[in-house]
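Colleague: Below: one structure in structure tokens.
The values are calculated or read from the model by the stated rules, or taken from the named source; none is laboratory data. What you see is a predicted model; the values in this text were computed from it and never measured. Note that each Cβ is placed from the backbone with ideal geometry, even for glycine, and that neighbours are counted across all protein chains shown. What goes into the accessible areas is simple: the full protein's heavy atoms, side chains included, and nothing from ligands, DNA or RNA. Shrake-Rupley method; radii C 1.70, N 1.55, O 1.52, S 1.80 Å.
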Amino acid sequence: MKIKIISIIVFLSVLCGTSVFAAEWKEYKRQHFIVYYKNAPFDFVEAVAETSRQYYTEITSNLGFTRYKGWNWDERAKIYIYDNADDYVTSGKQARWSHGVASPRDKVIRTFPSAHGFFDSTLPHELGHIIFRELIGFKARIPAWFEEGVAMYQEKARRWGAHDAVRKAIADETFKPLKELTITSLRRTTNKDLIHLFYAESASVVNFLISEYGQQRFVRFCRKLKEGGPFSWALDSVYVRFKNVDDLNKAWVRYLDNE
Ligand SMILES: [Zn+2]
């Protein structure tokens, strides 16, 4: 009896193994994107390609790209759709708290269908990372909170509620000033509260910068960053009232106090 049960388990795990591990990536090729998927439904895959195309236009104009030739054929971005969170974490080798990841250098996005707000948040966020790096280049030295804040700004709801989350952090003294946030790195083992705080502050400060000082100035700032000088130089030359990140931090906290 025992042997029988064991052989059934072995048989079942072999069955599961063939459906989960041996699944090959299938491709869906469009002009600007290639979507790779395993078992995701095809209409979902089509929607990913179509929605990405729309975001691509929206985000490039959001970031002030002019005369932009775009990604065609061998420059297409690749979007890998893992079957689910477990598949993404194990075969995609990603942190459990992450729902999507972008590698701007090779224009690759990895995510899964049940990722948090797939079409409204995850997709525009990860596309935002790639397009933003195309704009500022890889020489630009920028803090991670700025890079994340810009990606969140591309999300439909722009992390609505981020200002309130930061106000709460200021009140209960868990708030991290930008100087501290700059040296904070997120790892697989980082605790959830710190991850939430990091993203809330990133979204809030970039929203503040764009809503208070305008989209055009922000685009000028991004172009300045492309030159590769220190972040505070670019800040000082475009936002004259901010000599450095501390000045930006003060103005942002004051704004949150008064709003
Ligand atoms: Zn991100």
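Colleague: Please indicate, with yes or no, whether at least one residue in region 52-69 is open to solvent by 60 Å² or more (accessible area, probe 1.4 Å), basic (Lys, Arg) and in contact (Cβ under 8 Å) with a residue 60 or more places away in the chain.
Modeller: no
Colleague: Every residue in region 176-206 that is closer than 15 Å to VAL245 by Cβ and in a loop (DSSP other than H, G, I, E, B), please.
Modeller: LYS176, PRO177, ILE183, THR184
Colleague: Do we find that ARG217 is charged (D, E, K, R), within 26 Å of GLU126 (Cβ to Cβ) and either away from the ligand (no atom under 16 Å from the Cβ) or open to solvent by 80 Å² or more (accessible area, probe 1.4 Å) (or both) in this structure?
Modeller: So ARG217 passes the test.
Colleague: Provide a single number: the residues in region 125-165 that are open to solvent by 20 Å² or more (accessible area, probe 1.4 Å) and of a type in the set (A, V, I, L, M).
Modeller: 4
Colleague: For residues that are away from the ligand (no atom under 11 Å from the Cβ) and charged (D, E, K, R), scanning just region 137-158, find the one that is nearest to THR51 (Cα to Cα).
Modeller: Selected residue: LYS156.
Colleague: Right, something else. Every residue in region 115-124 that is open to solvent by less than 40 Å² (accessible area, probe 1.4 Å) and outside any helix (DSSP H, G or I), please.
Modeller: Once the filter is applied, which keeps residues that are open to solvent by less than 40 Å² (accessible area, probe 1.4 Å) and outside any helix (DSSP H, G or I), region 115-124 yields ALA115, GLY117.
Colleague: Another one. Would you mind finding the one in GLU147, GLU134 that is of a type in the set (D, E, K, R), in a helix (DSSP H, G or I) and modelled with pLDDT of 95 or more?
Modeller: Of the residues listed, the single one that is of a type in the set (D, E, K, R), in a helix (DSSP H, G or I) and modelled with pLDDT of 95 or more is GLU147.
Colleague: So in region 166-182, with the set limited to residues that are under 19 Å from ASN207 (Cβ atoms) and among the β-branched types (Val, Ile, Thr), which one is least open to solvent (accessible area, probe 1.4 Å)?
Modeller: Only one residue tops the list, namely VAL166.
Colleague: Before we move on, is TYR80 open to solvent by 20 Å² or more (accessible area, probe 1.4 Å), away from the ligand (no atom under 13 Å from the Cβ) and within 19 Å of GLU27 (Cβ to Cβ)?
Modeller: Answer is yes for this residue.
Colleague: Going residue by residue through region 123-141, is there one that turns out to be among the charged types (D, E, K, R) and in contact with a helix residue (DSSP H, G or I) (Cβ under 6 Å, 6 or more places away or on another chain)?
Modeller: Yes; the residues of region 123-141 include at least one that is among the charged types (D, E, K, R) and in contact with a helix residue (DSSP H, G or I) (Cβ under 6 Å, 6 or more places away or on another chain).
Colleague: Filter region 183-214 for residues that are open to solvent by 40 Å² or more (accessible area, probe 1.4 Å), under 15 Å from GLY161 (Cα atoms) and touching a residue at least 60 places away in the same chain (Cβ under 8 Å) and give the result.
Modeller: none
Colleague: Could you please find all residues in region 87-137 being β-branched (Val, Ile, Thr) and over 22 Å from ARG158 (Cβ atoms)?
Modeller: Listed by number, the residues that qualify are VAL89, THR90, VAL108.
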